[in-house]
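In what follows, a structure is listed as C-alpha cells, so that the remarks can point back to it.
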Amino acid sequence: MNNLKIKVGSILMLVVMTTAQAQKETAAVSSLPSELIYKVVDGDTLKMEFIYPQNIKRKKTYPAIVFFFGGGWNGGTTKQFENQAKYFASRGMIGILVDYRVKSRHKTTPFEAVSDAKSAMRFVRSNADRFQIDDDRIVASGGSAGGHLAAATATLTGLDETSDDMNISSVPNALVLFNPVIDNSKEGYGYDRIGERYVEFSPMHNIKKGTPPTIIFLGRKDALIPTATVEKYKAKMEEVGSRCDLFLYKDQTHGFFNKDRSNGEFYRKTTHEADVFLESLGYIKGKPTI
C-alpha cells in the first residue's frame, strides 16, 4: 500500500510539473509580439508583423524570413506575403511582414524605402534574442520593388538611416526573390526615378564577394524584368563565388507568384522551390509540405 501511495504521489507530482512547464511555455509564446514599431522617422511610424510556428519552445531559436511587399516603391501592403509567411511558419520559421515608406502614403522616394528596409533588418537582428530568432539564419524576401529592397539589404553599402546602429549588419544570410527589380540602370527598371544614382541603388551593380545565397523566380513574359536581367545577375553572383538559383516560368507575367493568380498554381510552385532552397541551407528540415 505504501508503495502504491508513493507511485501515485510521484505521478501526481509529474503531472503538476508537466502542467507548470506547459504553462511556462504558453506564457513564453504569449509574450512574443505579434506587431511592433521598428522605426519612427519624420513623423511616420513603421511597424512589422510576426507570424510564429505553432508550439514554439521556450529558449529555442528559430530561423526567420523577412518579407517586403511590392508596388514600385509607390504602394502595396504587408498582406501580399502573408500566405508565404504562414507557410514558412508551419515549417518552423518565424515570418515577418515589414511595412516601409512609399510614395502614395508617405510622399517619399525609393531611397527612403531602402533606408527603411535596412533599418528593419537591423531591428530584427538586434532583437533576435527577444524574438527567439537565430541571427545566423535570417532570410530577406520580397517581390518586385520589395525584391529590390531585400536584395538591397544584402548588397548596398549606403543609404542607411542616420539613426541606425551601424555596428549591426543589415545583411541577411540568404535571399528569396520574386521577380525582383535588381537592375536600376537605363537598361533596367526605375531609372526615371533613380537617375545616375543607380550606381549606389542597384543590386546588380553592387554584387560582391560574400553576397548571400539567393534564389530568384521570374516569369518569362514579365514586361518589367527581362529574363536576360536575372540571367546576368546569376552570372555576376557566380563570378564572385555566390550561389544563385534561378527559376524561369513559361508564359508567366509580373506578379505570377501571388496566391490569387492562376488558382494559386505558381504560388505553390515557387513556395515549394523556396522551401527546397532553404532546406538545402539547413534552415528547415524535411520535404516541403506544399
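Please treat every number below as a calculation from the coordinates, not as lab data. Being a predicted model, the structure only gives us computed values, none of them experimental. For neighbour counting, all protein chains shown are included, and Cβ atoms are generated from backbone atoms with ideal geometry for every residue, glycine included.
Things worth noting here:
- The range 132-227 shape via C-alpha gyration tensor axes, a/c threshold 1.5: oblate
- Efficiency of FRET from Cβ geometry, ASP136 and GLU279, R₀ 22 Å, rounded to 0.05: 0.85
- The value for the range 129-174 of Rg(Cα) / (2.2 N^0.38 Å) is 1.23.
- Label separation (LYS57 vs THR45): 3.7 nm, computed from points 7 Å beyond Cα along the C-beta direction.
- Pairwise label distance in nanometres, LEU36 with ALA235, each label 7 Å out on the Cα-Cβ vector: 4.3
- DSSP bridge pairs, the range 41-196: antiparallel proportion in percent, nearest 5: 25
- Label-to-label distance, nm, for residues given as ARG243 and MET166 (7 Å Cα→Cβ offset): 3.2
- DSSP-defined antiparallel bridges as percent of all bridges, the chain, nearest 5: 30
- Note on the range 34-280: percent of Cα-Cα distances in each 5 Å bin, starting at 0 and stopping at the bin with the largest distance, equals 1, 7, 15, 20, 21, 18, 12, 5, 1, 0, 0.
- Highest to lowest packing among 103-111, 75-83, scored as the average C-beta count within 10 Å: 75-83, 103-111
- Peptide ranges 184-192, 200-208, 32-40 listed from the most packed, as the mean C-beta count within 10 angstrom indicates: 200-208, 184-192, 32-40
- Distant-in-sequence amide H partners of LYS39 (H built 1.01 Å from N, under 5 Å): LEU46
- Cα-based reach from LYS86 at 19 Å (exclusive), listing lysines while leaving out same-chain residues under 8 positions away: LYS47, LYS57, LYS259, LYS269, LYS285, LYS287
- Fully extended contour minus Cα-Cα distance, from VAL199 to THR77, at 0.36 nm per residue: 41.2 nm
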